[in-house]
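Chemist: Take a look at this one; I'll ask things after.
The values are calculated or read from the model by the stated rules, or taken from the named source; none is laboratory data. Small disclaimer: the values here were computed from a predicted structure and weren't measured. FYI the Cβ positions are ideal-geometry reconstructions off the backbone, even for glycines, and counts take in every protein chain you see.
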Amino acid sequence: MDKSDARWVRGSLVFVWLATALVSLWEIHGQGRDLLLTGGVADASVSDALIVAGAALDALLGAWLWFRPSRLAYLSALAVMLGMTLVATVLLPSLWLHPLGPLTKNAPIAAILWVLARKTA
């Protein structure tokens, strides 16, 4: 992968994290809360706090990957993504069977982050 390819790949990851942050806040009282309610988080203030915290973390990672890409940024994004995938799996294991693949898409994202981390000194 040359530098131009790496920029495109990194840009796609930045888009994923920033778009996820925005959509999470946009849907805070819709799909986000519904997912958490289905997963057993009944308190609206707790679900709102979780969604805002997750959106803030997504925005932070997106900005970090955009402005200061580094091995640490890629590995941090990988760790956060794996952690969120684990939490989602515990709360809603059925997401693995969703036809649009909200969790299965994390496998190629993990691979991309790993490759970028290994490529970056």
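Chemist: Looking only at segment 78-96, filter to residues that are among the hydroxyl-bearing types (Ser, Thr, Tyr) and in contact (Cβ under 8 Å) with a residue 12 or more places away in the chain; which one of those is surrounded by the most Cβ atoms within 10 Å (Cβ to Cβ)?
Modeler: Pass one, segment 78-96, residues among the hydroxyl-bearing types (Ser, Thr, Tyr): 85, 89, 94.
Then drop every residue that is not in contact (Cβ under 8 Å) with a residue 12 or more places away in the chain, which leaves 85, 89.
On the way: Thr85: 20, Thr89: 13.
Residue satisfying both the conditions and the ranking: Thr85.
Chemist: Do we find that Ser4 is more than 18 Å from Leu103 (Cβ to Cβ) and either touching an Asp or Glu at 6+ places or on another chain (Cβ under 7 Å) or in a helix (DSSP H, G or I) (or both) in this structure?
Modeler: Numbers: more than 18 Å from Leu103 (Cβ to Cβ): yes; either touching an Asp or Glu at 6+ places or on another chain (Cβ under 7 Å) or in a helix (DSSP H, G or I) (or both): yes.
In short, yes.
Chemist: Now a separate question. So, in segment 45-68, how many residues would count as being farther than 15 Å from Ser24 by Cβ, crowded, with 17+ Cβ neighbours inside 10 Å and either hydroxyl-bearing (Ser, Thr, Tyr) or touching a Leu at 6+ places or on another chain (Cβ under 8 Å) (or both)?
Modeler: Adding up the residues that qualify gives 1.
Chemist: Can you report the number of residues in segment 1-24 which are surrounded by fewer than 17 Cβ atoms within 10 Å (Cβ to Cβ) and of a type in the set (A, V, I, L, M, F, W, C)? Can you show your working first?
Modeler: Initial filter on segment 1-24 (surrounded by fewer than 17 Cβ atoms within 10 Å (Cβ to Cβ)): 1-9, 11-12, 15, 19, 22-23.
Narrowing the set further to residues that are of a type in the set (A, V, I, L, M, F, W, C) leaves 1, 6, 8-9, 15, 19, 22-23.
The total comes to 8.
Chemist: Among the residues that make up segment 69-85, is at least one of them over 26 Å from Gly11 (Cα atoms), in contact with a helix residue (DSSP H, G or I) (Cβ under 8 Å, 6 or more places away or on another chain) and at pLDDT 95 or above?
Modeler: no
Chemist: Given Leu75, Leu113, Leu103, which one is farther than 21 Å from Lys3 by Cβ and either among the polar types (S, T, N, Q) or surrounded by 13 or more Cβ atoms within 10 Å (Cβ to Cβ) (or both)? Walk me through it before giving the result.
Modeler: Numbers: Leu75 fails: farther than 21 Å from Lys3 by Cβ; Leu113 fails: farther than 21 Å from Lys3 by Cβ.
After ruling out the rest, the residue left standing is Leu103.
Chemist: Has segment 97-109 got at least one residue that is in contact with a helix residue (DSSP H, G or I) (Cβ under 9 Å, 6 or more places away or on another chain) and touching a residue at least 24 places away in the same chain (Cβ under 8 Å)?
Modeler: For segment 97-109, residues in contact with a helix residue (DSSP H, G or I) (Cβ under 9 Å, 6 or more places away or on another chain) and touching a residue at least 24 places away in the same chain (Cβ under 8 Å): present.
Chemist: Could I ask something else about it? Could you identify the single residue in Ala56, Ala77 that is closer than 19 Å to Pro102 by Cβ, small (Gly, Ala, Ser) and out of contact with any Asp or Glu (no Cβ under 7 Å at 6 or more places or on another chain)?
Modeler: Numbers: Ala56 fails: closer than 19 Å to Pro102 by Cβ.
Exactly one of Ala56, Ala77 is closer than 19 Å to Pro102 by Cβ, small (Gly, Ala, Ser) and out of contact with any Asp or Glu (no Cβ under 7 Å at 6 or more places or on another chain), namely Ala77.
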